[in-house]
Amino acid sequence: IGTRAAGGARPWEEGHARARQLRDVLHLNGAPLPTIAHLSKALGLAEGELEQAIIPTPSIALLDGTVGMNERKSPGFALIQRSEPAVRFALARALHDYLLAPGSGETVLTGSQSDRQMLNRAFAAEFLAPASGIRSALPGPIVGQDEIDTIAERFGVSNTVIEHQIQNQGLAVISP
């Protein structure tokens, strides 16, 4: 049971599909993007260009970040100051809304369960830690916390992102 995105896919299925399509276009395969510099290079941006578009923002209740555009339609990403992996995850969500959600214009990133928020979270998870890359890093059909920690470090994301990817994509069983 779940809400459906445009075209009948569940929002998270659409998010995963969009991330795989963008990774294919960028010829990333299952390669990790563990830093903002790696992400910037993958997107074909000049060194430091993506970092300059990020505006660190103090924490605001219920808000993860915002995307806005200047008069030249260049984006600016106001992201809540957190750990580097959390900022990259929010940035990937914001990039989805900027690049792949035409007409969304200025958007807000939240923790809500709306279709758009679920879609951009699924996109970020698959874009930063693709199932294909995680699958190749798994030691077997059962994975423990130590292996999850190692994979999370390799992809530069939180353990939670890896756990969700493993469970949601049916990659392995997580041992207690």
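The values are calculated or read from the model by the stated rules, or taken from the named source; none is laboratory data. Values in this document were obtained by computation on a predicted structure and should not be read as measured data. All Cβ positions, glycine included, derive from the backbone under ideal geometry; neighbour counts span all protein chains shown. Note: accessible area is taken over every heavy atom of the protein model, side chains too, but ligands, DNA and RNA are not part of it. Shrake-Rupley method; radii C 1.70, N 1.55, O 1.52, S 1.80 Å.
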May I ask you to list pairs of residues, at least six apart or on different chains, whose Cβ atoms are under 6 Å apart, with the first in the stretch 15-30 being without any contact (Cβ under 8 Å) to a residue 40 or more places away in the chain and among the β-branched types (Val, Ile, Thr) and the second being assigned to a helix (DSSP H, G or I) and open to solvent by less than 50 Å² (accessible area, probe 1.4 Å)? none
Tally up the residues in the stretch 52-103 that are outside any helix (DSSP H, G or I), open to solvent by 30 Å² or more (accessible area, probe 1.4 Å) and closer than 15 Å to Phe127 by Cβ, please. 0
Is one or more of the residues making up the stretch 72-88 closer than 23 Å to Arg135 by Cβ and touching a residue at least 40 places away in the same chain (Cβ under 8 Å)? yes
Could you grab me the full set of residues in the stretch 111-133 that are touching a strand residue (DSSP E or B) at 6+ places or on another chain (Cβ under 8 Å) and surrounded by 24 or more Cβ atoms within 10 Å (Cβ to Cβ)? Asn120
Ser136 is checked against (1) open to solvent by less than 50 Å² (accessible area, probe 1.4 Å); (2) among the hydroxyl-bearing types (Ser, Thr, Tyr); (3) farther than 19 Å from Leu39 by Cα and fails just one. What number does that condition carry? (1)
Identity of the residue in the stretch 139-160, open to solvent by less than 20 Å² (accessible area, probe 1.4 Å) and out of contact with any Phe, Trp or Tyr (no Cβ under 7 Å at 6 or more places or on another chain), that ends up nearest to Val108 (Cα to Cα): Gly156
Can you find a residue that is more than 22 Å from Pro11 (Cβ to Cβ) and out of contact with any helix residue (DSSP H, G or I) (no Cβ under 7 Å at 6 or more places or on another chain) anywhere in the stretch 89-109? no
Determine, yes or no, whether Gln117 is within 21 Å of Gln165 (Cα to Cα) and assigned to a loop (DSSP other than H, G, I, E, B). no
Can you name the condition, by its number, that Gly48 falls short on among (1) open to solvent by less than 60 Å² (accessible area, probe 1.4 Å); (2) under 18 Å from the mean Cα position of the chain (by Cα)? (2)
